[in-house]
Structures are given as structure tokens and as C-alpha cells.
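Peer 1: Here it is, the structure, as C-alpha cells.
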Amino acid sequence: MLKGQSALVTGSTSGIGLGIATALAEAGANVMLNGFGDAAEIESTRASLAERTGVQVLYSGADMSKPAQVTAMVREAEQKLGHLDVLVNNAGIQFVSAVDEFPDAKWEQILSINLSSNFYTIKAALPGMKARNAGRIINIASAHGLVASPFKSAYVAAKHGVVGLTKTVALEVAETGITCNAICPGYVKTPLVEGQIADQAKAHNMSEEQVVREVILASQPNKRFVEVAELGALVVFLASPAGASITGAALPVEGGWTAR
Ligand code: NAD
């Protein structure tokens, strides 16, 4: 479906980003991975995805908290893949604390990785997309881009910011062949959430099963985790010609969480 297209997915060495990059590669797009982790494991992921799908799979270790590295990564993707059709801003981190105890450095780090990196990738990618009059920008926000939860001030602020940035970019490029959307997932069982489950279990002296049932999935009316593959399929749809009229949207994929 996306044969001949090129995609860059930030934060794609793990979790949702890796699932999205896999779905894009399976749909025929050449892909640049990005993110942290064990170098040998990343290389093995890269090589096996390329071998299994037959597309070109590259990797950039750029740090999304460093604007110069973010811009250089987009340039590298354009040069090595020929052009950039699909930009997925997915890299993100979490930290949970009351506002009055929230460490300043954590606030800055979350804002830079979860929000500002989206601005810098979009700024770097738009000139190429405008020149080709084609492009798909897909920002992985969160249900926390639409509603808040206590103790997640930086994350909620950054994700609401991502939704606002998405709408602004969509309006600026509305008359071109470029679309810009946000996906707002509920809880997905990735390393990011597994960390929260373990922390909450310790903090409240509960079992991990209890935390999942009574804390994590309490907000999700369908009472199940969102699957990474469900998000990958939505990204492929948005990147396809059928997604051409969807722009400026914040699409909830959260089992009814924000319907309350
Ligand atoms: P994850 O921890 O499994 O993956 C995060 C990825 O980002 C990893 O590849 C990591 O290496 C990368 N990363 C972290 N800091 C980076 C940096 N400075 N530079 C480059 N890469 C960096 O997390 P996940 O759950 O897959 O989350 C992915 C995105 O989805 C995040 O933006 C998160 O906020 C969002 N999200 C997750 C959930 C969930 O329940 N897991 C729900 C809604 C939204």
C-alpha cells in the first residue's frame, strides 16, 4: 500500500514506535528507526525487519531532547531515503509526581522530548513535503492530550501541546497535499506503562494485577489495553491515499476513555 514511500518514526526502538515502524515496513514503506537501547539489539531489530519485509530500514540514534540532532536526523532521512513522505512523532517519556514536588529537570526533559521534538521534526520536514506537495505528519499524543490525570503535569501539558501543534500545522498546510493528525491512545502495555504498574504497586502496596484492574484500566471503559498493532494499522491508514481528508484531528484510540 505504501510501496516507494519513506517514513521516519521517532522513538521506534521499543513499544508503540517499533509497532508503527513495523506496520509501515510491512505496508511497503522504507523506514528510519530512532531511539535508545542496546546497540546490538537495535541492529538485530533493524536487520530482521529489513530482511522480513524487503524494504530499506535505517537507524538514527539522535536524541530527541537535542534540537540540532533532531534536525540532522530529518536531513539524514531525506538524503538516505530520497525524500520523506511520512513523519511519525512518537518518542516520549513519563514521570509521575505532585506538581509542587515535580523536579524542574524532569519538567524540561518531558517538554523537550514529548513536545518540542515534534516542532523541530515538523519544521525540518515541511520544506521537503511542500516541495513535493505530499506528506503525512502523525503525532502520537495520548488520551492525556485530551483529558488530565493527577500527578502527570508535564506529560499532560506536553500532550495537550502536541494536539495544539497538530491543529496549527494542519491549518497552515490545509491547501497542500500534506495532512497532520494526532493519535491519542489510552493505555498500551509497553515498557513505559510496565514501569508505571510496578511503581504504583510498590507505592500503594498492591499486586500488579490489582494496579492494572483498579488503577490503570479504571479509566478505560472497555477494560483492556490498546494493542500496538491497532495503532500501527491506524498510522498506515492515515498515511494511505484514503487518509487524504483527515487533517487537524486528535483521534482517540482508548476504549471509550474520553467519551465519559
Ligand atoms: P516506550 O518507553 O516503550 O518507548 C519510547 C521510545 O522513545 C523508545 O524507543 C525510546 O528509546 C525512545 N526515546 C526516549 N527518549 C528518547 C530521546 N531523548 N530521543 C530519542 N528517543 C527517545 O514507550 P511507549 O509506551 O511505546 O510510548 C511511545 C509514545 O506513545 C510516547 O510518546 C507515549 O507518550 C505515547 N503513549 C503511550 C501510551 C502507553 O500506554 N504506552 C499511551 C498513550 C501515549
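Peer 1: Using beta carbons and a limit of 7 Å, which pairs, at least six apart or on different chains, have the first residue in the stretch 164-192 and at positive phi and the second one of a type outside the set (A, V, I, L, M) and open to solvent by 40 Å² or more (accessible area, probe 1.4 Å)?
Peer 2: Going by the 7 Å Cβ cut-off, there are no qualifying pairs.
Peer 1: Could you please let me know if GLY19 is near the ligand (Cβ under 9 Å from one of its atoms), at positive phi, open to solvent by less than 70 Å² (accessible area, probe 1.4 Å) and under 17 Å from the mean Cα position of the chain (by Cα)?
Peer 2: no
Peer 1: Would you confirm, using the coordinates I've provided, whether SER149 is in contact (Cβ under 8 Å) with a residue 24 or more places away in the chain, part of a helix (DSSP H, G or I), farther than 24 Å from PHE237 by Cβ and open to solvent by 10 Å² or more (accessible area, probe 1.4 Å)?
Peer 2: No, not satisfied.
Peer 1: From LEU238, LEU231, grab the single residue that is in contact (Cβ under 8 Å) with a residue 60 or more places away in the chain, surrounded by 13 or more Cβ atoms within 10 Å (Cβ to Cβ), closer than 19 Å to SER14 by Cβ and not acidic (Asp, Glu).
Peer 2: Every option except LEU231 fails the conditions.
Peer 1: Show the residue pairs meeting these rules: Cβ distance below 9 Å; 6+ apart or different chains; first residue within the stretch 89-109 and of a type in the set (Phe, Trp, Tyr); second residue part of a strand (DSSP E or B) and open to solvent by less than 50 Å² (accessible area, probe 1.4 Å).
Peer 2: PHE95/LYS152
The values are calculated or read from the model by the stated rules, or taken from the named source; none is laboratory data. On a predicted model such as this, the values are computed, not experimentally measured, just so you know. Heads up, the Cβs are rebuilt from the backbone with ideal geometry, glycines too, and the neighbour counts pull from every protein chain shown. Ligands, DNA and RNA are stripped out before the accessible areas are found, and what is left, the full protein with its side chains, is counted by its heavy atoms. Shrake-Rupley method; radii C 1.70, N 1.55, O 1.52, S 1.80 Å.
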